[in-house]
1. Per residue of A:255-262, how many C-beta atoms from partner chains lie within 10 Å of its own C-beta, taken as a mean?
2. Which entries in A:LYS272/B:LYS46; B:LYS103/B:LYS281; A:LYS26/A:LYS131; A:LYS103/B:LYS262; A:LYS262/B:LYS262 show an alpha-carbon gap greater than 24 Å?
3. With the full set of protein chains in place, find how many percent of the accessible area of segment B:1-152 is carbon and sulfur; take the probe as 1.4 Å.
4. Quickly estimate the mean residue ellipticity at 222 nm for chain A, helices only: each DSSP H run with n ≥ 4 gives -39500 (n - 2.57), and the total goes over all residues, rounded to 500.
5. Return one number: the angle in degrees, 0 to 90 and rounded to the nearest 10, between the long axis of the Cα atoms of helix B:192-205 and the longest principal axis of the Cα atoms of chain B.
6. Answer with one residue from B:THR155, B:THR140, B:VAL116: the one whose Cα lies farthest towards the positive end of the charge dipole of segment B:6-177, charges on Cβ with Lys, Arg +1 and Asp, Glu -1.
7. How long are the three semi-axes of the equivalent ellipsoid of the protein assembly as shown, in whole Å, if each is the root of 5 times an eigenvalue of the C-alpha gyration tensor, listed from largest down?
8. Once you average over the residues of A:125-134, how many Cβ atoms of partner chains fall within 10 Å of each Cβ?
There are 2 protein chains.
Amino acid sequence: MSTCLVPRLAVVGVGLIGGSLALALKAAGAVGEVVGIGRGRANLDKALELGVIDRATQDLAEGVRDADLVFLATPVLSLTEVAATAAAHMKLGAILTDGGSVKGSVAAAIEPLLPVGIHFVPGHPIAGTEKSGAEAAFATLYHGRRCILTPTAHTDIGALDLVRRVWEIAGSSVVLMDVEKHDRILAAISHLPHMVAYSLVNAVGSYDRYEENILEYSAGGFRDFTRIASSDPTMWRDIALTNRDALLEMMERCEAFFAELKEDVRNGEADKLYEFFQRSKELRDAIVK
Amino acid sequence: MSTCLVPRLAVVGVGLIGGSLALALKAAGAVGEVVGIGRGRANLDKALELGVIDRATQDLAEGVRDADLVFLATPVLSLTEVAATAAAHMKLGAILTDGGSVKGSVAAAIEPLLPVGIHFVPGHPIAGTEKSGAEAAFATLYHGRRCILTPTAHTDIGALDLVRRVWEIAGSSVVLMDVEKHDRILAAISHLPHMVAYSLVNAVGSYDRYEENILEYSAGGFRDFTRIASSDPTMWRDIALTNRDALLEMMERCEAFFAELKEDVRNGEADKLYEFFQRSKELRDAIVK
Ligand SMILES: NC(=O)c1ccc[n+]([C@@H]2O[C@H](COP(=O)([O-])OP(=O)(O)OC[C@H]3O[C@@H](n4cnc5c(N)ncnc54)[C@H](OP(=O)(O)O)[C@@H]3O)[C@@H](O)[C@H]2O)c1
Ligand SMILES: NC(=O)c1ccc[n+]([C@@H]2O[C@H](COP(=O)([O-])OP(=O)(O)OC[C@H]3O[C@@H](n4cnc5c(N)ncnc54)[C@H](OP(=O)(O)O)[C@@H]3O)[C@@H](O)[C@H]2O)c1
């Protein structure tokens, strides 16, 4: 890049998601200065030390003041309050965007708060790990991933275009999607699997028929399968609270399949069991072809 | 190894489990000749080509005749019939062992069939991948894994000792365990997670509210989480049929945790959700320390 797309970027919440976007844009030469904003000093110092950000502040109003683009990457429930304060102190024409995992409630809460001249683009990179904090951030997190942007009737076209370019520079392919559709699809492919993994680990880990910890016997399969149950509890509490209806729909769907399978196990239905497993294997294999 | 522990090994079912034991013992110089026995010619030819076995036959009786050790590595439901034929043709003093994922029903079915002078040691290596067939086998599959042997009141001590040494040479640490305990622990840490993964993939993969295949949006988390849903349907049908009671107990346990979580989501119970996720994260993180 010879031109600098974002002269000053402010990242609110310099964790895995915020930190990785900063690193990706720095690696591409697409940002001038990166200001990191957070509540705790320890994480900000770590981010400075690792070169994720160039300047740090715990004062949100001051941190966003001169930014051309403000990226909010704090847990979903905190986004509204953070957006309200940020938007009140941003310069005219600046763009606000976010990476929150739920979009409907976020867009609905933030849009009415925006002063005239501040543009908001709701977004969600489909990338992540179970790690948290500035230390978890890395420049290639978004490479080859999708980033979903969910513009609403109020979204400014120029702002949308800039945010799209930002994610493309970070290595992602950008998909535009209706907020409601985003929340339902994510409930299915991401939020439900996390609920399932958390339940499974609690069910197995608290099984106390034997004295030893039976998880000690688990092999690679169990460890891979339950990796997502190590994800940050605050992040997932917020997702469960803010995408409730779509998540409940998917949880009920999954319960019905599980109950069907349980009945087949109970009744020793050899053919039905085979078909159930075979269908699942075909669906799974189709996505990793 | 300067002495050869097993002059002639017969492997019935030269797939992931049988083939990997053959390769591990060959790599350690612990076997003389390895005879592979299977139903289909294609898999046996592949096994010969890859050097997994030295000789192949589709005739079980002939294949086991001169073997010192016969390892059964076919799906659980086939083990009884295969064991009956094998035991009837093995030489006096030879040892029969298996790698089936369920032990109670297998040991109970096989022991009454054994001619005098044929020793049976039920076993189960806690290692695996979601791949099948001779091509999936590799010499280090058992490195650093546990292998559970479940001797019964009828198990010969000398035979148990030899089978233990075989698995140790293959790289595993051997644990002796009661059959019933084995089946309950495996129901928890392996069989339940597979049922959960199969149900989840079916629930999500058949969700058709939108025209496109929503699995296309899934990122790394979903793929890792559902990898075990690619496992062989025959193998898992057999496990579900033969470890029914222990599996049902765990499925009901998991259902109860999932139902609790669903109620917390429905009622917007922020603190309970946080605690549920936090407890799970602690349990999960404790096993990968
Ligand atoms: N992890 C994923 O896989 C993933 C994927 C896509 C989207 N997301 C979304 O991205 C956002 C961030 O997730 P993450 O994984 O990057 O989390 P993270 O690594 O924990 O980072 C969040 C950062 O926000 C700060 N923070 C937390 N609460 C705050 C608050 N109330 N006000 C201001 N700052 C706060 C934290 O630092 P201080 O505690 O020092 O303030 C922390 O550094 C969430 O909305 C999440 O839903 C996550
Ligand atoms: N995969 C795992 O993670 C894992 C872990 C521990 C234990 N186990 C247990 O190990 C055993 C083998 O599993 P695997 O993963 O190695 O399966 P696999 O890769 O599919 O191998 C099984 C082999 O057995 C042969 N076979 C299948 N049905 C047969 C029958 N009725 N009679 C004779 N041969 C038959 C098959 O070849 P042909 O079709 O050509 O006969 C195949 O090569 C199972 O009992 C399983 O429960 C598996």
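The values are calculated or read from the model by the stated rules, or taken from the named source; none is laboratory data. Only a predicted model underlies this, so the values are computations on that prediction, with no experimental measurement involved. Every residue, glycine among them, receives a Cβ derived from its backbone with ideal geometry; neighbour counts consider all protein chains shown. For the accessible areas, the whole protein counts, side chains as well, though only heavy atoms, and no ligand, DNA or RNA atoms are used. Shrake-Rupley method; radii C 1.70, N 1.55, O 1.52, S 1.80 Å.
1. 6
2. The answer is A:LYS272/B:LYS46; B:LYS103/B:LYS281.
3. Result for segment B:1-152: 54 percent of the exposed heavy-atom area is carbon or sulfur.
4. -14500 deg cm²/dmol
5. Approximately 50 degrees, to the nearest ten.
6. In segment B:6-177, that residue is B:THR140.
7. Over the Cα atoms of the protein assembly as shown, the ellipsoid semi-axes are 54, 24, 20 Å.
8. Partner Cβ neighbours, averaged per residue: 2.
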